[in-house]
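A short worksheet on the structure shown next.
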Amino acid sequence: MIHEDIADFARALPPGTALAGLDYGEKTIGVAVSDARRQVATPLETIRRRKFTQDAARLGEIVAARDIAGLVLGLPRNMDGSEGPRCQSTRAFARNFDSARDMPIAFWDERLSTVAAERALLEADTTRKRRSEVIDHVAASYILQGALDRLAHLEGS
């Protein structure tokens, strides 16, 4: 089930389960995962996109292996908050994945997540080659961490 509201998403999640964050791009899908307590997002891997069925199969393997209960999908809004073609593509992926696998899916505004990931990698003195290899799943961890922080705030209220 796709949730537009993060509070609805939180209510749909079973307690004590991990989440995955996705940075869905034109050529790759960055994947990050949380711990079962949903406190820390950790970059996991970058999937080179092929066909939807292959991409969904790899994500399904990750979901099963790590007992993932929900997905947080970065929504690439324009800087003015409007949605362009990349948002449409991301929403289409979410609908297709939802049809293939029944699990809660939420969107998280990913504006500037790649910029933040790039800045962190630069501060860590990462080589250009290594940055290009890890940028997508590091960006996915920024997306997921933002959602985790919001979920923790909702639980505390």
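The values are calculated or read from the model by the stated rules, or taken from the named source; none is laboratory data. Just so it is clear, the structure is predicted and the values come from calculations on it, not from any experiment. For neighbour counting, all protein chains shown are included, and Cβ atoms are generated from backbone atoms with ideal geometry for every residue, glycine included.
Data for the structure
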read-out	value
From the options Asp149, Asp102, residue that is surrounded by fewer than 16 Cβ atoms within 10 Å (Cβ to Cβ), at pLDDT below 90 and within 20 Å of Ala18 (Cβ to Cβ)	Asp102
Residue within the range 6-18 that is among the basic types (Lys, Arg), within 25 Å of Ala120 (Cα to Cα) and outside any loop (DSSP other than H, G, I, E, B) present	no
Count - residues of the range 56-71 that are free of Cβ contacts under 8 Å to residues at least 40 places away in the same chain and touching a strand residue (DSSP E or B) at 6+ places or on another chain (Cβ under 6 Å)	1
Odd one out for Gly74, checked against (1) under 14 Å from the mean Cα position of the chain (by Cα); (2) free of Cβ contacts under 8 Å to residues at least 60 places away in the same chain; (3) within 15 Å of Leu144 (Cα to Cα)	(2)
Unmet requirement for Glu45, which otherwise passes all of (1) loosely packed, with under 13 Cβ neighbours inside 10 Å; (2) of a type in the set (Asp, Glu); (3) in a strand (DSSP E or B)	(1)
Residue match in the range 107-121 (condition: within 27 Å of Ala56 (Cβ to Cβ) and at pLDDT 90 or above)	yes
Hey, Arg91 of a type outside the set (Asp, Glu), in a helix (DSSP H, G or I), surrounded by fewer than 21 Cβ atoms within 10 Å (Cβ to Cβ) and modelled with pLDDT under 90 or not	no
Filter result for Ala20 (more than 11 Å from the chain's Cα centre (by Cα) and aliphatic (A, V, I, L, M))	no
When residues of the range 64-84 are limited to those that are touching a Lys or Arg at 6+ places or on another chain (Cβ under 7 Å) and of a type outside the set (Lys, Arg), the one surrounded by the fewest Cβ atoms within 10 Å (Cβ to Cβ)	Met79
The range 23-40 - residue that is of a type outside the set (A, V, I, L, M) and part of a strand (DSSP E or B) and, of those, nearest to the chain's Cα centre (by Cα)	Asp23
